[in-house]
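J.: Structure below; questions to follow.
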Amino acid sequence: MCGICGFNWKDEALARKMAARITHRGPDQEGVFAGEKMTLAFRRLSIIDLSENGAQPMANEDGTIHLVFNGEIYNFQELRDRLKKKGHRFRSRTDSEVIIHAYEEYGDDCVDHLRGMFGFAVYDQQRNRLLLARDRIGIKPLYYTFTGGRLLFASEIKAILADDRVERRVNSQALYDYLGFEFVPAPRTMFDGIHKLPAGHLLVFEDGRINVREYWDLRFTGYGPLPSLDEAVEELRSQLDTAVKSHLVSDVPLGVFLSGGLDSSCLVALMRRHISGPLKTFTIGYEDRSFSELDYAEIVARHCETDHQVLRLDTLNADYVEQTLWHLDEPMTDLSTVPLYLLCRQAREHVTVCLSGEGADESFAGYDRFKASRMNRWFRLVPAPLRRQVIGRLTAMLPDQPQKKGAINMLKRFVEGANLDPSGQHLRWQYFLNATLEKRLFADGFRASVTMDPFRRIRELDARCDATDQVNREIYLDMRFMMTDSVLMKVDRMSMASSLEIRVPLLDHVLVEFLASLPGSWKLHGMTTKYIFRKALEGLLPETIVHRGKQGYSLPVKHLLRGGLKQYMIERLHDSRVLAETMNMAYIDRLIEEHCSMKQNHNHILWALLNVAIWHDRFFD
């Protein structure tokens, strides 16, 4: 795992300055290639082939093709053998060198032969041509800016900002989208003029122009005859085992995050099949048991005989919030971000690589919002005036419960989401800018500067999805919209902040494509989420784990904003220049009062605004 950056002119000093901004991604080695028309820089975290043979930037035999690469290619040994039979000669045991020879053999189509997570740049010096590529699912990040013929790219935005000629301006539309979805959807970033290369896309820079195109999308049809459920369960067991085994290749110590949920527990059990020696597991817990899964994690740790370590997090230092925002580069308010950052710091003291269970909730339909979507079909039979003016207003008046998922909290969340614009559909439980917030939160000038149509991107994605059933259509939305720029961005940044590589076997693209070929009813069966996943894990894990519901390890932010972080939040929000220019501060004060008095739970919007204030202060002021 590493950090990469570069630009289309010669300047070794700038390249080293950019690379220095992302030293945390690769503390083991720095390298620079400075050609007359292209400069590439690299920071290395040594995982496979720890010798100098793995140093980057890496070139082919005649020095005409240069590579910087961030990620892991899990089929590199098979691909290497195939390329050797075609006459290619290798100098190292790295997966990086395989990409160079795959590009020589297949050109831009080399990405079709790679199984793994990656963000890389290949510079073809003879053609003065640069290829940027990001993996299918978007596990690894890649950013770029192109203005006045100048192209810069990097694994993180802060490296691009090392060039003082890059202007820093807030992207108003991105800010609006962020306050609805809790992340900034691609291709925008919170910095105007700096873009995310979307998942499954290539960028080619040639003849002074850039061309961005998609090379992969998730499809649900055209896979041939449907197997029986029993056959699908057996195939799923095989694919899960293959994916996990392939992710264990490493020349450095390796562990796994164990929350106690179904996804991470599956990884631990499958890893135990292939690792006979000590297996380190790491988890996090809180005193408030409604936010904690420690008991379940301990059940799995005992079942699989792991060396289990627990990080207890009952208080939160505001410095940790500041540090996470620096590493994120832009606000993203997933409530598990800070705990994950601290867990990664702890794990890095013992291992260099950790496996994690991201992706199963999306591809197996594991979130509560899948069930809410099914329930909403019945709720929408109630006449709209009754739903909105009576039921909506009555539930909004109910006080907040201290538990994470109390019955009243769940009811309020469901009714509020169900009364959103129908085009929002599946994201009703994620989107939190309701009509009242949209009307009162934004200053008039800001409102006039943005397109206040939050679900426009959702409609575009829905139109291109080829799934024929509603559950799979919602899975597509999660996989291609929610997960990449929220969950996976969080995982990459928080792990790389501690120079820890996280691998996500449940997002192996072959496994993901197999799951896409199966009916949605095998994933959400009645109101049972992850139905086929649970069946595949029967006998591998204790029944209490296989059939338990989802909880997650999000931070108890609503309590912290009423307690230890209250004054910090108030001062930060009131001192923020960007909020003063774009928001109605009197209404923010009202939200603070209602939240702290427990009349309402406004933790999502207050946490989102706090993140904006901290981010803007760190990157602008």
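J.: Return a yes/no flag: does region 530-543 have any residue that is assigned to a helix (DSSP H, G or I) and at pLDDT below 95.
T.: The answer is yes; a qualifying residue exists.
J.: Leu560 passes all but one of (1) touching a residue at least 60 places away in the same chain (Cβ under 8 Å); (2) closer than 29 Å to Gly260 by Cα; (3) touching a helix residue (DSSP H, G or I) at 6+ places or on another chain (Cβ under 6 Å); which number fails?
T.: All conditions pass for Leu560, except number (3).
J.: Sticking with this one: Taking the options Gly260, Gly255, name whichever one is buried (at least 18 other Cβ atoms within 10 Å of the Cβ) and not in a loop (DSSP other than H, G, I, E, B).
T.: Every option except Gly255 fails the conditions.
J.: Which of the residues that make up region 505-520 are surrounded by fewer than 24 Cβ atoms within 10 Å (Cβ to Cβ) and either closer than 17 Å to Tyr367 by Cβ or among the hydrophobic types (A, V, I, L, M, F, W, C) (or both)?
T.: Val510, Leu511, Val512, Phe514, Ala516, Leu518, Gly520
J.: Restricting attention to strands (runs of 3 or more DSSP E) lying wholly within region 1-120, give those where 2 or more residues are in contact (Cβ under 8 Å) with a residue 40 or more places away in the chain and either of a type in the set (Asp, Glu) or within 21 Å of Ile160 (Cβ to Cβ) (or both).
T.: 2-7, 39-44, 65-73
J.: Scan the helices (runs of 4 or more DSSP H) fully inside region 548-621 and keep the ones with 3 or more residues being out of contact with any Leu (no Cβ under 9 Å at 6 or more places or on another chain).
T.: So the answer is 566-575, 577-582, 585-596.
J.: So, Val111, is that one among the hydrophobic types (A, V, I, L, M, F, W, C) and in contact with a Lys or Arg (Cβ under 9 Å, 6 or more places away or on another chain) or not?
T.: The answer is yes for Val111.
J.: Look through Ala297, Ala243 and report the one residue that is among the hydrophobic types (A, V, I, L, M, F, W, C) and in contact (Cβ under 8 Å) with a residue 40 or more places away in the chain.
T.: Being among the hydrophobic types (A, V, I, L, M, F, W, C) and in contact (Cβ under 8 Å) with a residue 40 or more places away in the chain holds for just one of Ala297, Ala243, which is Ala243.
J.: Oh, and also: How many of the residues making up region 315-353 are of a type in the set (S, T, N, Q), modelled with pLDDT of 90 or more and surrounded by fewer than 20 Cβ atoms within 10 Å (Cβ to Cβ)?
T.: 2
J.: Pull out all pairs, ordered by first then second residue, where Cβ-Cβ is under 6 Å, the residues are six or more apart or on different chains, the first lies in region 424-453 and is at pLDDT 90 or above, and the second is surrounded by fewer than 19 Cβ atoms within 10 Å (Cβ to Cβ) and of a type in the set (Phe, Trp, Tyr).
T.: Every condition considered, the pairs that remain are Arg440/Tyr587; Leu441/Tyr587.
J.: Considering only region 329-338, how many residues are more than 15 Å from Leu609 (Cα to Cα) and hydrophobic (A, V, I, L, M, F, W, C)?
T.: Number satisfying all stated conditions: 1.
J.: Restrict the check to region 573-580 and report whether at least one residue is polar (S, T, N, Q) and in contact (Cβ under 8 Å) with a residue 24 or more places away in the chain.
T.: yes
J.: Given the structure, is Met583 surrounded by 20 or more Cβ atoms within 10 Å (Cβ to Cβ) and not assigned by TED's automatic domain parsing to the domain that holds Gln173?
T.: yes
J.: May I pose another question? I'd like to check something: does region 560-576 contain any residue that is in the same structural domain as Asp361 (by TED's automatic domain parsing) and farther than 24 Å from Asn376 by Cα?
T.: Within region 560-576, none of the residues are in the same structural domain as Asp361 (by TED's automatic domain parsing) and farther than 24 Å from Asn376 by Cα.
J.: Here's something else I'd like to know. Is it the case that Glu513 is farther than 25 Å from Arg312 by Cβ and modelled with pLDDT under 95?
T.: no
Let's see how each residue does on (1) over 30 Å from Asp135 (Cβ atoms); (2) in a helix (DSSP H, G or I); (3) touching a Pro at 6+ places or on another chain (Cβ under 7 Å):
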residue	(1), (2), (3)
Met452	yes, no, no
Glu460	no, yes, no
Thr468	no, no, no
Arg473	no, yes, no
Leu477	no, yes, no
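J.: Same structure again: Could you tell me how many of the residues in region 131-182 are in a loop (DSSP other than H, G, I, E, B) and more than 30 Å from Arg219 (Cα to Cα)?
T.: Total satisfying the criteria: 12.
J.: Could you list all residues from region 200-234 that are free of Cβ contacts under 8 Å to residues at least 60 places away in the same chain and among the polar types (S, T, N, Q)?
T.: Scanning region 200-234 gives Asn211, Ser228.
J.: Additional query: Which one of these is surrounded by 14 or more Cβ atoms within 10 Å (Cβ to Cβ) and either under 15 Å from Glu330 (Cα atoms) or at pLDDT 95 or above (or both): Arg562, Arg618, Arg577?
T.: Arg618
J.: What pairs come up if the first residue lies in region 155-174 and is under 20 Å from Met452 (Cα atoms) and among the hydroxyl-bearing types (Ser, Thr, Tyr), the second is outside any loop (DSSP other than H, G, I, E, B) and at pLDDT below 95, and their beta carbons are under 6 Å apart, counting only those six or more places apart or on different chains?
T.: Ser172/Ser449
Residue-by-condition table, conditions (1) assigned to a loop (DSSP other than H, G, I, E, B); (2) of a type in the set (Val, Ile, Thr):
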{"position": "Val184", "(1), (2)": "yes, yes"}
{"position": "Thr189", "(1), (2)": "yes, yes"}
{"position": "Leu203", "(1), (2)": "no, no"}
{"position": "Gly222", "(1), (2)": "yes, no"}
{"position": "Pro227", "(1), (2)": "yes, no"}
{"position": "Glu231", "(1), (2)": "no, no"}
{"position": "Lys245", "(1), (2)": "no, no"}
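The values are calculated or read from the model by the stated rules, or taken from the named source; none is laboratory data. Treat the numbers as computed from the prediction; the structure is a model and nothing was measured. A quick note on method: Cβ atoms are made from the backbone with ideal geometry, for glycine too, and the neighbour counts reach across all protein chains shown.
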